[in-house]
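First up is the structure itself, then whatever we jot down about it.
The values are calculated or read from the model by the stated rules, or taken from the named source; none is laboratory data. Small disclaimer: the values here were computed from a predicted structure and weren't measured. Backbone-built Cβ (ideal geometry, glycine too); neighbour counts: all protein chains shown.
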Amino acid sequence: MATVPVAAGDEARLSFSHSIYGSLVEEHFRVTGEGLQLVRRRYAEHRLVEFYGHETAKREGEWWVVEGDGRALPALTLRVSPESAIEIVAGRERVPLWSRVEQGGSVRVAVTGCRGGDRARGAD
(Lines give C-alpha, C1' and ligand atoms only; values in the text may rest on other atoms or scores of the structure.)
Protein backbone atom coordinates (compact mmCIF):
# COMPACT_ATOMS: atom_id res chain seq x y z
CA MET A 1 0.00 0.00 0.00
CA ALA A 2 1.09 3.56 -0.68
CA THR A 3 -0.32 6.78 0.69
CA VAL A 4 0.20 10.13 -1.01
CA PRO A 5 -0.85 13.29 0.88
CA VAL A 6 -3.16 15.56 -1.14
CA ALA A 7 -5.72 18.23 -0.36
CA ALA A 8 -9.13 18.86 -1.87
CA GLY A 9 -8.61 20.72 -5.14
CA ASP A 10 -5.19 19.18 -5.83
CA GLU A 11 -4.60 17.33 -9.09
CA ALA A 12 -3.45 13.74 -9.41
CA ARG A 13 -2.34 12.18 -12.68
CA LEU A 14 -2.34 8.59 -13.86
CA SER A 15 0.21 7.88 -16.56
CA PHE A 16 0.52 4.59 -18.46
CA SER A 17 1.34 2.87 -21.74
CA HIS A 18 -1.75 1.80 -23.66
CA SER A 19 -2.14 -2.00 -23.64
CA ILE A 20 -2.79 -2.30 -27.39
CA TYR A 21 -0.86 0.56 -29.01
CA GLY A 22 1.88 1.05 -26.41
CA SER A 23 1.67 4.84 -26.58
CA LEU A 24 1.45 7.12 -23.57
CA VAL A 25 -1.88 8.05 -21.96
CA GLU A 26 -2.45 10.45 -19.07
CA GLU A 27 -5.63 10.87 -17.05
CA HIS A 28 -5.82 13.99 -14.88
CA PHE A 29 -8.07 14.08 -11.82
CA ARG A 30 -9.00 16.69 -9.22
CA VAL A 31 -9.23 15.49 -5.62
CA THR A 32 -12.68 16.16 -4.11
CA GLY A 33 -14.62 15.05 -1.07
CA GLU A 34 -16.49 12.62 -3.34
CA GLY A 35 -13.35 11.07 -4.82
CA LEU A 36 -11.43 11.71 -8.01
CA GLN A 37 -13.03 14.06 -10.54
CA LEU A 38 -11.94 13.46 -14.15
CA VAL A 39 -10.51 16.73 -15.51
CA ARG A 40 -8.95 15.64 -18.82
CA ARG A 41 -7.37 12.79 -20.73
CA ARG A 42 -4.24 13.22 -22.83
CA TYR A 43 -3.20 10.85 -25.59
CA ALA A 44 0.18 10.74 -27.32
CA GLU A 45 -1.40 9.50 -30.57
CA HIS A 46 -4.58 10.47 -32.42
CA ARG A 47 -5.49 6.81 -33.04
CA LEU A 48 -6.20 6.46 -29.30
CA VAL A 49 -8.72 9.30 -29.54
CA GLU A 50 -10.40 7.38 -32.36
CA PHE A 51 -10.12 4.06 -30.51
CA TYR A 52 -12.12 5.45 -27.58
CA GLY A 53 -14.59 7.30 -29.82
CA HIS A 54 -13.89 10.80 -28.52
CA GLU A 55 -15.35 13.44 -30.82
CA THR A 56 -14.06 16.59 -29.14
CA ALA A 57 -10.30 16.05 -28.92
CA LYS A 58 -8.06 19.01 -29.56
CA ARG A 59 -4.36 19.17 -30.28
CA GLU A 60 -2.19 20.79 -27.56
CA GLY A 61 1.48 20.58 -28.45
CA GLU A 62 2.39 16.91 -28.72
CA TRP A 63 -0.84 15.71 -27.08
CA TRP A 64 -4.43 15.03 -28.12
CA VAL A 65 -6.58 16.31 -25.24
CA VAL A 66 -10.13 15.39 -24.28
CA GLU A 67 -11.77 17.40 -21.50
CA GLY A 68 -13.32 15.39 -18.67
CA ASP A 69 -17.02 15.27 -17.99
CA GLY A 70 -16.64 16.40 -14.38
CA ARG A 71 -17.91 13.20 -12.80
CA ALA A 72 -16.35 12.17 -9.51
CA LEU A 73 -15.33 8.55 -9.09
CA PRO A 74 -15.17 7.22 -5.52
CA ALA A 75 -12.34 4.83 -6.46
CA LEU A 76 -10.43 3.44 -9.42
CA THR A 77 -9.55 -0.23 -9.74
CA LEU A 78 -6.70 -0.61 -12.21
CA ARG A 79 -5.21 -3.74 -13.74
CA VAL A 80 -1.45 -3.28 -13.82
CA SER A 81 1.60 -4.90 -15.38
CA PRO A 82 5.24 -3.96 -15.92
CA GLU A 83 4.41 -3.27 -19.59
CA SER A 84 1.81 -0.67 -18.60
CA ALA A 85 4.34 1.26 -16.50
CA ILE A 86 1.31 2.79 -14.76
CA GLU A 87 2.06 5.36 -12.11
CA ILE A 88 0.22 8.00 -10.15
CA VAL A 89 1.68 11.46 -9.64
CA ALA A 90 0.35 13.88 -7.03
CA GLY A 91 2.40 16.94 -6.19
CA ARG A 92 6.02 15.83 -6.01
CA GLU A 93 5.09 12.22 -5.23
CA ARG A 94 5.42 9.64 -8.02
CA VAL A 95 4.25 6.10 -7.20
CA PRO A 96 4.91 3.32 -9.74
CA LEU A 97 1.76 1.24 -9.20
CA TRP A 98 2.86 -1.53 -11.57
CA SER A 99 5.75 -2.46 -9.25
CA ARG A 100 3.48 -3.00 -6.23
CA VAL A 101 1.59 -6.11 -7.37
CA GLU A 102 2.22 -9.35 -9.22
CA GLN A 103 1.87 -9.55 -13.00
CA GLY A 104 -1.77 -8.99 -13.99
CA GLY A 105 -2.81 -7.90 -10.50
CA SER A 106 -4.95 -4.91 -9.69
CA VAL A 107 -4.56 -1.75 -7.65
CA ARG A 108 -7.31 0.32 -6.04
CA VAL A 109 -6.84 4.10 -5.93
CA ALA A 110 -9.15 6.09 -3.65
CA VAL A 111 -9.35 9.31 -1.66
CA THR A 112 -9.74 8.65 2.04
CA GLY A 113 -10.40 11.22 4.76
CA CYS A 114 -8.08 11.08 7.73
CA ARG A 115 -6.56 13.37 10.31
CA GLY A 116 -4.62 16.13 8.64
CA GLY A 117 -6.66 16.16 5.40
CA ASP A 118 -7.48 13.91 2.50
CA ARG A 119 -5.01 11.46 1.06
CA ALA A 120 -4.89 9.74 -2.30
CA ARG A 121 -4.24 6.13 -1.63
CA GLY A 122 -3.25 3.19 -3.78
CA ALA A 123 -3.60 -0.26 -2.28
CA ASP A 124 -2.78 -3.62 -3.77
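This table checks each residue for (1) under 15 Å from the mean Cα position of the chain (by Cα); (2) modelled with pLDDT under 85.
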{"residue": "Ala57", "(1), (2)": "no, no"}
{"residue": "Glu87", "(1), (2)": "yes, no"}
{"residue": "Arg94", "(1), (2)": "yes, no"}
{"residue": "Ser99", "(1), (2)": "no, yes"}
{"residue": "Ala123", "(1), (2)": "yes, yes"}
- Note on the structure: Checked Val25, Val65 against criteria (among the β-branched types (Val, Ile, Thr) and farther than 20 Å from Arg100 by Cβ); the one match is Val65
- Message: Residue pairs, Cβ under 7 Å, 6 or more apart or interchain, first in the range 16-30 and under 10 Å from Tyr43 (Cβ atoms), second assigned to a loop (DSSP other than H, G, I, E, B). List them.
- Response: Tyr21/Glu45; Ser23/Ala44; Ser23/Glu45; Leu24/Ala44; Val25/His18
- Those strands (runs of 3 or more DSSP E) completely within the range 33-88 that have 2 or more residues that are out of contact with any strand residue (DSSP E or B) (no Cβ under 7 Å at 6 or more places or on another chain) are 58-60
